[in-house]
Amino acid sequence: MYVDDTVAESEKQKLLVTLYRFSMPDSNVRKLTHLLIKGVKENQLYRKNDDLLTLTTLLTESQRFLLVAFGYEMSAADGEIDSCEKKYLEILGNKLGINPQHLGILEAAFTGQKNVELTALEEVHFLLYPVHFQELDTVFVKAARDILTILPPLPETQATQQRIVVSYDELKKFQEYRQRLNNYYQLITQILQDCQKHNFLSHAFIDELQEIWNKNQSQQFRLAIVGEFSQGKSTLLNALLGEEIQPAREIPCSGTITVLKYGKQKRVICRYKDGRGEEIPFEEYQQKASISEDAAINCLSDELAQSEIEEIIFEHPDLELCRSGVEIIDSPGLNEHPERTAITQKLLKDTDAAIFLTNASRPLTQGERDLLQEIKVHLNCGKDEEPANNLFVICNFMDLIRTEKGKEQVKQRIINFVQGDSPIILGENRIHFISAQAALDAILNGVKDEYLEKFKYLISSIEKFLRFERGELKLKRLNLILNTLIKKCDNTLNQIEKSLEYKIQFSASDKQTILEQIGEASGRDLKIRITGKKLKEKVLVLAVESWKKWYEGLRDRMVSKSKSWSYEHSHIFSQKQLIQDYTNQFIRDLSGEVD
């Protein structure tokens, strides 16, 4: 502001807007802000390079670059960057060790230039990637994102082929085994129903089998994704699904527990803390599942505490992982949640496996270590001393670590804590180093790279654990229950068989007599049938002869009877009545003949 000796009103307002992000009105911090502005002006701190270097000693490369970006933003507040301001920013950038080409990108961005050097633009985008600033405050995350929107856009990556389909073959095989078991259940059910119809077994056996079958039908693997805010949980979930379902952004986003599962049709069910439930349009899903941007920056815990939503259930017919028998539980960040313990218990109840995410830029902070210990205890049903064998620790954002030495340091830091003297986890392939966003981009753009391969290795590890360590245990438990029921039925049928054998014990002579009597009865029955047939034929012949005799003399008898018919009406004046008289007498005599 002061370098060009001219302070515009727009620059003053820009400065206040920038600094007021960090304080509330009438607060001591707000008063301190104004004292700082006055002190900088009076002491001309901006001209003292050594003091500036002292103030920026602890800043990372990305943080120093963001500081200079604020300078360009301030310089352009009055509509242009003065030559004095430009020269000052170049000197400042040089003192802070910033690449001159990167400064050129900032100048181009704030002066509206479009033609820039592509490599430098990519490097600037990387330096301002919002994840670099999460350890400071969400205000800086948003500030970096705002400057990114001003930069010339990177050219879109052209996908060389169709998006990559993430397949879960091992889980599908497990579902096939479970279906075979269901087929056996159906067969056994039919046998038990037949036995029950003959009163050999009670209906209780069928009810018990039905309960087992229903449990096997509804049983899914439950996979929980947990961690602090803004660690890429939603992005990881999208990569697992191969589709951008969950809302994701650099500042805290997920505001409630979301359960993604298979359903015959796409639908979203919102369940509230007061017990209500409603189906909401899919278009409202991401809005309901996320917290507002203002809350993410300011009063995150307040909005989480005031939320009426208990959980959101999202059913979808085409999500490959869910179709393979997995329910996914996506959690809000647990570090700032006012009901952290209750949420953790709900998340991990009946969970087959949990994925804990940490950030490669600041792996396993003390808060994360405490949270990991808490998750381990929950997974072990309260046992504090034992490591958890169903916990996966995933280090995300590995693409932000540029040097091999840095990557190795991150790996050692995580491995030493998670598998050190007091291990948190137990089992093979429980620690993975990935970039969820890079993997998701590779899937959507059909690009095969190292991040996709590492992500596939993670998928393979989770699949093998669910199928061989968790799935086989479930099948063995179901088989044990089923075999126990079959033995109970078998014992009951054996007792009934013995009882029936006792009741129908006869001597050999008695059995012979019974067989002879059955034979005689069968012979008599045959004779009766033959005799009945002959009698029926004879009766039919007699009936036909009788009919013929009656019919042959019918005309003569009716003529004879007609001679005695009388009439009361004149054949001239009452012809209709006369016809009716004769008709009535004809019907009367014919009916007599028929009788």
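The values are calculated or read from the model by the stated rules, or taken from the named source; none is laboratory data. Quick caveat, the model's predicted, so the values are computed rather than measured. Cβ placement follows ideal geometry from the backbone for every residue including glycine, while neighbour counts extend to all protein chains displayed. Note: accessible area is taken over every heavy atom of the protein model, side chains too, but ligands, DNA and RNA are not part of it. Shrake-Rupley method; radii C 1.70, N 1.55, O 1.52, S 1.80 Å.
List of remarks:
- Förster-model FRET efficiency, 45 Å R0, Ala543 and Ile572, C-beta, rounded to 0.05: 0.40
- Checked against a 25 Å cut-off, the cross-linked pairs Lys48/Lys405; Lys273/Lys349; Lys261/Lys349; Lys173/Lys487 give Cα-Cα distances beyond that limit for Lys48/Lys405; Lys173/Lys487.
- Helix 169-197 and the longest principal axis of the Cα set of the chain meet at an angle near 30°.
- Among the listed pairs Lys172/Lys454; Lys142/Lys448; Lys527/Lys549, a Cα-Cα separation exceeding 25 Å is found for Lys142/Lys448; Lys527/Lys549.
- Accessible area of Met398 (1.4 Å probe, protein heavy atoms only, ligands and nucleic acids ignored): about 10 Å².
- Rounded to the nearest 10 Å², the accessible area of Ile481 at probe 1.4 Å: 70 Å²
- For the stretch 398-477: rounded, prolate or oblate by the Cα gyration tensor [a/c cutoff 1.5]: oblate
- Residue among Leu480, Ile312, Val539 farthest towards the positive dipole end of the chain, charges placed on Cβ: Val539
- 18 Å Cα-Cα reach of Lys563 towards lysines, excluding residues that sit fewer than 8 places from it in its own chain: none
- The stretch 20-85-the stretch 444-493 distance, computed between alpha-carbon centres (Å): 57 Å
- A helix-only calculation puts the chain at -18500 deg cm²/dmol for mean residue ellipticity at 222 nm, using -39500 (n - 2.57) for each DSSP H run of at least four residues, averaged over all residues.
- If you model the stretch 54-191 as an ellipsoid using its alpha carbon gyration tensor, with each semi-axis the square root of five times an eigenvalue, the axes come out at 54, 18, 13 Å, biggest first.
- Once the 1.4 Å probe is applied to the protein heavy atoms, the chain comes out at 58 Å² accessible per residue.
- Only Lys, Arg (+1) and Asp, Glu (-1) charged, at Cβ; the chain dipole about Cα centre in debye: 3400 debye
- Dipole magnitude for the stretch 17-80: computed about the Cα centre from +1 point charges on Lys and Arg Cβ and -1 point charges on Asp and Glu Cβ, it is near 260 debye.
- Pairs of alpha carbons in the chain whose separation is greater than 36 Å (percent): 59 percent
- Accessible surface, 1.4 Å probe, highest first, among residues Asp399, Asp78, Asp318: Asp318, Asp78, Asp399
- Packing-based ranking of 121-128, 55-62, 545-552, 406-413 yields 121-128, 406-413, 55-62, 545-552, ordered from highest to lowest mean Cβ neighbour count within 10 Å.
- The 1.4 Å probe gives accessible areas that order Val326, Val40, largest first, as Val40, Val326.
- Global form of the stretch 456-499, assessed from the alpha-carbon gyration tensor, a/c cut-off 1.5: prolate
- Figure note: Glu568, Glu320 ranked by solvent-accessible area, largest first, 1.4 Å probe, ligands and nucleic acids not counted: Glu568, Glu320.
- Partner aspartates and glutamates whose Cα lies under 19 Å from the Cα of Lys576, excluding those fewer than 8 positions away in the same chain, are identified as Glu568.
- Rolling a 1.4 Å probe over the protein heavy atoms of the chain, with every protein chain left in place, gives an accessible area that is 51 percent carbon and sulfur.
- A dipole drawn for the stretch 368-475 from +1 and -1 charges on Cβ atoms has a positive end, and of Leu426, Thr403, Leu444 the residue lying farthest that way is Leu444.
- Degrees, to the nearest 10: 436-445 long Cα axis against longest axis of the chain: 60 degrees
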